[in-house]
Structure formats: structure tokens, C-alpha cells
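Data block below; observations after.
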Amino acid sequence: MFFTNFTKEIIATGVILILIIILRLIIARLVRRYAKSSAIIEYRTNLVIKYIHLLINILATIALIVIWGVKTDDIFLTLSSIATVVGVAMFAQWSILSNITSGIILFFSFPFKIGDVIKVHDRDFPIEAEIIDINAFHTLLQTKNGELITYPNNLLLQKGISIIKQPFDDQEFTD
């Protein structure tokens, strides 16, 4: 009885699930191919793929809600409630969202890479350090004195950065 009453919905759900699988595979391959051609490390590649998969899942969920005929008023009420909660949470935690977005921008624009020595042009706290790792939220820097600095990704996009080609071992610093 269930199958005869909801044949169109079941078929559409199957098509959506197949499309999700195909889209996820294609996008993962494209991002990995781009990362390989740009010499981007695997950790960053996997992080971007996770973000894209999350977006695909959200869009698929919305499509399934529409397919199964949930009332438009109920959808708008639920989405507005979720948007309100998320909006308040993100406003309170804007720096997290800003750092995630900056991490994605750094991944695709790739202005510097691990092993580069950079100089952050900050009037109050200038930093000259080697990039040890680039994560979703922050970049790990190491000064020539061995000090480890966790630097937020959003500040890397806001501050002026100079890339110094040689690593610390091949370079003499003057104070």
C-alpha cells in the first residue's frame, strides 16, 4: 500500500540519492586533481571536500523535503527558526566562521605554502616566521627562535604578508 501511494516520491528519492553519490565522487575527484596540480597537502584537500559534501547534503535534504510534500508554511517556519538560532550563534562566534571562510580562500588562492617564510606586516606585533601547517581555523608559524605561533587565518587575509623565499636555515637575520 505504501509503495503504490508514494511511487513517485520513492523514485525521486532514489534519484536524489544516486545524484548525491555521483556528485560527491565527481567533486572529490576534481578537488583532489586541483590539489595535486597545486601541490596542496592532503589534510587541506580533505577539509575542503568535507565542506562541499556538507553543502551537497544540505541541498539534498531540502530537495527531499520538497519531494515528500512537506507544507511550505512548515518549511519556512522550520528554516526561519533554524536561521535565527544559527544567526545568533554565528554572530556570537563570527570569528569561527571568518576563520573557516579564510581557510577555504587560502586553500583555493594558495598565496603561500608550508615551508615558506613569511613576514606579517602588523604595526603592533610584526612576525617573521616559517609556515609549519595550515589548518581550517589557523596557521601554525615557527619563528627563527623556535617559538610556535598559532595565527588565525582571517588575520592572514587582513594583514599585509611578504613571502621570503629561503627557509630560516639558509638566511641570516639582523635586528
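The values are calculated or read from the model by the stated rules, or taken from the named source; none is laboratory data. Just so you know, these numbers come straight off a predicted model, no measurement behind them. Note: ideal-geometry Cβ built from the backbone for every residue, glycine included; neighbour counts use all protein chains shown. What goes into the accessible areas is simple: the full protein's heavy atoms, side chains included, and nothing from ligands, DNA or RNA. Shrake-Rupley method; radii C 1.70, N 1.55, O 1.52, S 1.80 Å.
Some observations on this one:
- Based on protein heavy atoms only, segment 15-86 ends up with 73 Å² per residue of surface accessible to a 1.4 Å probe.
- Rolling a 1.4 angstrom probe over segment 52-164 with all protein chains present gives an accessible area of which 67% lies on carbon and sulfur atoms.
- Shape call, segment 1-89: gyration tensor on alpha carbons, a/c limit 1.5: oblate
- Sites Ile161 and Ile27, calculated FRET efficiency, Cβ-Cβ separation with R0 30 Å, nearest 0.05: 0.50
- To the nearest 10, the accessible area of Phe137 is 90 Å² with a 1.4 Å probe.
- The listed residues Lys71, Lys119 rank as Lys71, Lys119 when sorted by accessible area, largest first, using a 1.4 Å probe.
- Cα gyration tensor shape for segment 99-162, rounded if a/c is under 1.5, else prolate or oblate: prolate
- The protection proxy used here, the mean number of other Cβ atoms lying within 10 Å of each residue, ranks peptides 74-84, 16-26 as follows, highest first: 16-26, 74-84.
- Between Val70 and Ile16, the contour length at 0.36 nm per residue exceeds the Cα-Cα span by 17.8 nm.
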